Amino acid sequence: MNTLVTDASKAGASVGLAGDRITINGGRPLTGRIEVRGAKNLVTKAMVAALLGDTPSLLRNVPDISDVRVVRGLLEVHGAKVLDGDEPGSFVLDPANVESAHMADIDAHAGSSRIPILFCGPLLHRLGEAFIPDLGGCRIGDRPIDFHLEVLRRFGAIVEKLPSGIRMSAPNGLEGTKVELPYPSVGATEQVLLTAVRARGITELKNAAIEPEIMDLVNILQKMGAIITVDTDRVIHIEGVERLTGYTHTALFDRNEAASWAAAALATSGDIFVGGAQQAEMLTFLNVFRKVGGAFDIDDDGIRFYHPGGDLKPVVIETDVHPGFMTDWQQPLVVALTKAQGVSIVHETVYEQRFGFVDALVEMGASIQIHKECLGGHACRFGQRNFNHSAVISGPSTLHGADIEVPDLRGGFSHLIAALSAEGTSTVSNVGIISRGYENFITKLKQLGADFVLEG
Ligand code: EPU
């Protein structure tokens with residue numbers, strides 16, 4: 001089968017829309033080298049942080065993914081300028097003319113993104129008001145924003161719920177506060193950081209998330225002039241300052257993308273060098289990858305992930321906040337676990353509904369049962385609450401081709417891996433969603449020798 005896509009720009013352009021379909025002839029090992037760039041879950045926040053400076057920022061290592069395009073659009077509707085920087089994949093972000101935007105424009109640009117909630121702190125400081133439309137994001141549970149709203153109220157914001165969204169105002173400015181999060185939420189921690197750095201006085205945040213992407217955001221804010229202390233036991237202190245300047249920063253690599261390609265190498269019995277991947281941020285993933293029977297070689301410029309031959313082994317894992325096993329790593333890994341010799345258990349403790357993607361794998365021949373009980377060893381907050389959040393995977397199974405539809409970003413990538421590792425031909429529809437977080441994945445699949453046809 002010949003691929004229809006011949007260059008990166010065309011691939012990026014054509015896989016931008018939900019509804020795109022790819023037909024894959026499975027069973028070929030993926031082999032070769034691909035590069036990962038800046039982390040989606042840091043770059044998008046770093047772009048928002050630029051609103052806090054009174055001079056332009058320069059952000060390098062920006063991936064060409066649709067979530068970045070969404071944030072760019074949102075910055076532009078708020079009057080910020082986003083220009084090409086000094087090298088490909090870099091942005092100059094100039095917040096000099098920031099202004100309020102209409103709810104309808106924000107809504108139109110936000111699409112399914114949850115990023116608008118993180119504009120609130122910076123906009124309240126700059127303009128005294130902010131609007132957020134109804135928020136989208138991947139369909140992986142309710143994904144409420146109650147922590148965010150509570151945090152903003154604590155800083156002194158007035159929150160009004162309107163039929164079209166939420167309006168916030170801070171007529172008297174924002175004041176440092178003490179907050180303890182009910183759960184170490186990534187987004188709510190970022191909310192506190194982006195708001196506290198310019199609030200009056202000191203903020204103490206307990207039970208903070210400490211993911212590497214959050215630490216890189218802290219690096220950025222420090223470059224801008226912020227004073228942030230990360231203590232032991234998930235406590236962060238922020239001393240508010242009156243002004244912040246722009247930053248120059250190279251974004252941390254995308255460890256979720258790197259883990260996805262690693263799982264693809266394992267599931268297809270392949271050998272992929274992921275340029276840009278670093279060991280420290282992937283420590284937990286690497287341990288599990290090795291326990292399953294995968295092999296890796298760590299180099300200064302990336303990590304080689306490969307199937308060394310022999311049987312894959314079953315594992316018991318629980319997803320968790322950092323430094324635990326990331327929830328975004330489980331979906332691609334589950335595909336590899338369908339090929340392991342024995343019974344694996346994956347207990348999802350971060351999101352209550354993140355196993356929707358397994359229906360397609362079962363259709364393709366996998367043996368996976370989903371349970372409401374906490375099966376990983378520890379009781380989590382989803383136990384006894386009717387959430388299907390534990391998976392039992394019995395292997396090895398031979399997957400066969402099927403017509404499947406991408407449900408969300410990470411589940412979607414796992415469907416691609418399943419189709420690539422299956423016997424026969426699969427049609428995967430709705431692959432446009434994958435371009436939210438995987439830069440040029442069609443071009444990368446081609447580089448790795450995948451056999452497919454893209455229909456747009
Ligand atoms: N939660 C609440 N209320 C809130 C906020 C969160 O109950 O106000 C709950 C969530 O429902 C969830 C848990 O807290 O059960 C954790 O959510 P968190 O806030 O940590 O997640 P997030 O900030 O919305 C980010 C990433 C996710 C990643 C999670 C966990 C971005 C844009 N998204 O989401 O990434 O899975 O942290 O690490 O940074 C992805 O990349 O595919 C993705 C979903």
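Rg and Dmax over the alpha-carbon atoms of the range 172-261 stand at 13.6, 49 Å.
How many Å² of accessible area per residue for the range 253-318, probe 1.4 Å? Walk me through the numbers on the way to the answer.
Details: 2320 Å² over 66 residues.
Dividing the accessible area of the range 253-318 by its residue count gives 35 Å².
Quick note on the chain: its Rg to Rh ratio, both from C-alpha atoms and Rh being the Kirkwood radius, is 0.97. How high is the relative contact order of the chain, in percent, counting Cα pairs under 8 Å that sit 6 or more residues apart? For the chain, the relative contact order is 23 percent. If the cut-off is a Cα-Cα distance under 12 Å, which aspartates and glutamates reach K291, setting aside same-chain residues fewer than 8 apart in sequence? Excluding near neighbours in sequence, the set is D311. Size descriptors for the range 350-428 (Cα atoms only): Rg and Dmax, in that order, 13.6, 41 Å.
Where Rh is the Kirkwood radius over the Cα pairs of the range 390-456, the temperature 20 °C and the viscosity 1.002 mPa s, what D in µm²/s does Stokes-Einstein return? Walk me through the numbers on the way to the answer.
On the way: Rh = 12.8 Å.
In µm²/s, the coefficient rounds to 167.
Kirkwood radius, the range 61-219, all distinct C-alpha pairs, inverse of mean reciprocal distance: 16.3 Å. Computed from phi, the 3J(HN,Hα) profile of the range 367-372 under the Karplus parametrisation 6.51, -1.76, 1.60 (θ = phi - 60°) reads 10, 9, 10, 10, 10, 7 Hz, with x in place of Gly and Pro. Close amide-amide hydrogen proximity is noted between T250 and R60, each under 5 Å apart and 5 or more residues distant or on a separate chain (H modeled in the peptide plane; Pro and chain starts excluded). Less than 5 angstrom separates the built amide H of R200 from those of L174, E175, G176, all sequence-distant by 5 or more or on a different chain.
At 222 nm, what value in deg cm²/dmol follows for the chain if DSSP H runs of at least 4 each add -39500 (n - 2.57) and the sum is divided by all its residues, to the nearest 500? Don't skip to the end; give the middle numbers.
Details: 14 runs with 138 residues, N = 456.
Here the helix-only value at 222 nm equals -9000 deg cm²/dmol.
Counting Lys and Arg as +1 and Asp and Glu as -1 over every other residue whose Cβ lies under 14 Å from the Cβ of M168, the net charge comes to +2. Note on exposure: D271, D359 ranked by accessible area (1.4 Å probe, complete protein assembly) read D359, D271, with the most exposed listed first. Rg over Rh for the range 273-335 works out to 0.95, using Cα positions for both radii and the Kirkwood form for Rh.
Accessible surface computed residue by residue for the range 40-250, with neighbouring protein chains in place and a 1.4 Å probe, gives 40 Å² per residue.
Would you mind counting up the charge near K81? Only other residues with Cβ under 13 Å from its Cβ, with Lys and Arg at +1 and Asp and Glu at -1. Write out the running numbers ahead of the final one.
Values: positive: R72; negative: E76, D84, D94, E99.
My count for the surroundings of K81 gives -3.
More than 21 Å apart: what percent of Cα pairs in the range 219-369 qualify? Could the numbers behind the result be given before it?
On the way: 6066 of 11325 pairs.
Above the 21 Å cut-off, the range 219-369 has 54 percent of its Cα pairs.
Tell me the carbon and sulfur percent of the accessible area for the range 40-250, rounded to whole percent, probe radius 1.4 Å. In the range 40-250, the share of accessible area belonging to carbon and sulfur is 49 percent.
Considering only protein heavy atoms and a probe of 1.4 Å, how much of the accessible area of the range 361-456 is carbon and sulfur, as a whole percent? Of the solvent-accessible surface of the range 361-456, carbon and sulfur hold 46 percent.
G240 sits among other residues whose Cβ lies under 13 Å from its own Cβ, and their net charge, with Lys and Arg +1 and Asp and Glu -1, is -1. Each 5 Å bin, from zero up to the one with the longest distance, holds this percent of the alpha carbon pairs of the range 306-456: 2, 10, 18, 22, 20, 15, 9, 3, 1, 0.
The values are calculated or read from the model by the stated rules, or taken from the named source; none is laboratory data. What you are looking at is a predicted structure, and each value in this text was computed from that prediction instead of being measured. Glycine gets a Cβ as well: all are built from the backbone with ideal geometry, and neighbour counts include every protein chain shown. Accessible surface is based on the protein model in full, side chains and every heavy atom, while ligands, DNA and RNA are left aside. Shrake-Rupley method; radii C 1.70, N 1.55, O 1.52, S 1.80 Å.
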